[in-house]
Amino acid sequence: MKTIAANLKANLTPQSTLSYLSVLQTELDCLQNVKKHDIIVFPNQTSLTDNAYRHFEIGAQNAYPIHNGAFTGEIGQEVLNALKIKHIMLGHSERRQILGENNSVIKEKFQFFMQENMRIILCIGEDSSVSYVKDFLELQLQHIDLSYPLLTIAYEPIWAIGSGRTPSFEDIANIMQILKDLGVKKALYGGSVNKDNIAQICSLTDGVLIGGASLCPKNFSQMIALVE
Ligand code: 13P
């Protein structure tokens, strides 16, 4: 059983997301291995919709650690509950780098959503200037309770995101081992996952977090078909 997740980022509109999800559902009806895997789609915030699809679940790319209230521009747990959403992504490098989320903000969100019993995908990963990757990842995980059973870590080296470049399979296997040694129970890989590398990457990991290549539902479904 692998986790195969699509991060749609700030792409698609509420309307085109609905058609994406409906095409994906129909495509997955024909896939033999669909029941074997956990498939999650993370639409953008205004395209979040009821978690009510066959074969896959809807997740939120981010939320604020509150139920509701005076937090302009944010959504809280009340919205996630109303949509029956159980998955949340935290700490994506685009939020860390572009929107200034640091480890302490991510820790606060992690603690809140852990208390809400949400399934958390927490993203970590270094950029190309980092020499001691293990130390860097350890720091990003420092205040995260790795024993939380609904936690999955997504390792996404920043230089691999949207670049068409990935670490070697050997390097991915090494990082997975480092994460296990740090106490991580479940780990995905993300960064330029495509049809050519998904099968092998999934054989080394607990699954993948896919950006660009998941934006076309047929392509995403064909990628899922390749995973053992
Ligand atoms: P790409 O698959 O486009 O490299 O994006 C990866 C990513 O950021 C998933 O969260």
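Some notes on this structure:
- About its Cα centre, segment 89-161 has a charge dipole of approximately 140 debye under the convention of +1 per Lys or Arg Cβ and -1 per Asp or Glu Cβ, with nothing else charged.
- Amide H contacts for residue 6 (H built 1.01 Å from N in the peptide plane; partners 5 or more residues away or on another chain; cut-off under 5 Å): 40, 41, 42, 210.
- Rg/Rh (Cα only; Kirkwood hydrodynamic radius) as it applies to the chain: 0.94
- Sum of side-chain charges, residue 216 neighbourhood, beta-carbon under 13 Å (Lys, Arg +1; Asp, Glu -1): +1
- Given charges at Cβ of Lys, Arg, Asp, Glu: the chain dipole, positive-most of 62, 105, 159: 62
- If you take all other residues with their beta carbon under 12 Å from the beta carbon of residue 154, and give Lys and Arg +1 and Asp and Glu -1, the sum is -1.
- Shape category assigned to segment 1-81 from the gyration tensor of Cα positions, a/c cut at 1.5: prolate
- Sequence-ordered 3J(HN,Hα) estimates for segment 186-192 from the Karplus curve with 6.51, -1.76 and 1.60 and θ = phi - 60° stand at 9, 9, 9, 10, x, x, 6 Hz, glycine and proline given as x.
- The chain, relative contact order in percent, only Cα pairs under 8 angstrom and at least six apart counted: 21
- Cα-centred dipole magnitude for segment 130-228, charges only on beta-carbon of K, R (+1) and D, E (-1), debye, nearest 20: 280
- Remark: for residue pairs 2/84; 109/195; 35/134; 84/134; 35/185; 84/109, the C-alpha separation exceeds 27 Å in 109/195; 35/134; 84/134.
- Screening the chain for whole DSSP H helices with an alpha carbon extent of at least 15 angstrom along the helix axis and a mean Kyte-Doolittle hydropathy of at least -1.0 yields 14-29, 103-115, 169-182.
- Extreme residue, positive dipole direction of the chain, given options 90, 172, 208 (C-beta unit charges): 208
- The magnitude of the dipole of the chain, with charges of +1 and -1 set on the Cβ of Lys/Arg and Asp/Glu and taken from the Cα centre, is near 420 debye.
Rule-based calculations on the coordinates, nothing more; no lab input. None of the values given here were measured: they were computed from a predicted structure. No Cβ is skipped: glycine too gets one built from the backbone with ideal geometry, and neighbour counts run over all protein chains shown.
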